[in-house]
Amino acid sequence: MSEPQTDDLPKTDAEWRDRLDPEEYRILRESGTEARFSGEHVDRDDDGVYTCAGCGTVLFESETKYHSGCGWPSFYAAEEESVTTREDTSHGMRRIEVRCATCDGHLGHVFDDGPEPTGKRFCINSAALDFEGDE
């Protein structure tokens, strides 16, 4: 498993643009959203961990992923120390945004309509994630 790339985190917008592809940049740095059912991780069922595409921080374990039908990868739990949340009132809605605690990249949103044991649905953009399969 890779370690987060904290020593060389970009300091400027230009450095982030160099590190990320255009879709990753739009989502992680501009709080964008990918189209429903378009992401590479929506239907992934492999064992492993999901990491931040911006810095490599482990965010979600595959055991917490489930098929919610919402069109984005969904997880019922996150690595608590790896994510932060804040209120998001954009687009005329009131939601809770999920961000990477290491690089402050936008990941998606969390809702209270998920399965047990947490009742949470972390609805996350595939482009904000990398996947590392178990060996």
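Once you have the Cα-Cα distance between ARG94 and GLU30, take 0.36 nm times their residue separation minus that, and quote the gain in nm to one decimal.
On the way: separation 64, 0.36 × 64 = 23.04 nm, distance 1.81 nm.
This chain segment gains 21.2 nm when fully extended.
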> Taking a spot 7 Å from the Cα of ASP8 along the direction of its beta carbon, which residues of region 90-110 have an amide N less than 17 Å from it?
Replying inline: 103
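Exactly which chymotrypsin sites (Phe, Trp or Tyr not before Pro) in region 1-60 are in a DSSP loop and have at most 15 other Cβ atoms within 10 Å?
Here the chymotrypsin sites (Phe, Trp or Tyr not before Pro) that fit, given the DSSP loop and packing criteria, are PHE37.
On full extension of the chain, what length is gained from ASP113 through ARG86, given 0.36 nm per residue of separation minus the C-alpha to C-alpha distance? The partial results should precede the final answer.
Numbers: separation 27, 0.36 × 27 = 9.72 nm, distance 1.77 nm.
Stretched out fully, the ASP113 to ARG86 stretch lengthens by 7.9 nm.
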> So what's the projected area for region 65-135, the Cα convex hull averaged over all directions, in nm²?
Replying inline: 5.6
>> Need the C-alpha centroid separation for region 94-112 versus region 58-92, integer Å.
In response: 7
> Looking at the chain, which Cys residues are left with no other cysteine's beta carbon under 4.7 Å from theirs?
Replying inline: CYS70, CYS123
> What Rg and what Dmax come out for the chain when only alpha-carbon atoms are used, in angstroms?
Replying inline: 14.0, 44
> So what is Rg over Rh here for region 50-102, counting just Cα atoms and using Kirkwood for Rh?
Replying inline: 0.99
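Only the coordinates and a few stated rules stand behind these numbers; no lab work does. What you are looking at is a predicted structure, and each value in this text was computed from that prediction instead of being measured. So basically every Cβ, Gly included, is an ideal-geometry build from the backbone, and we count neighbours across all protein chains shown.
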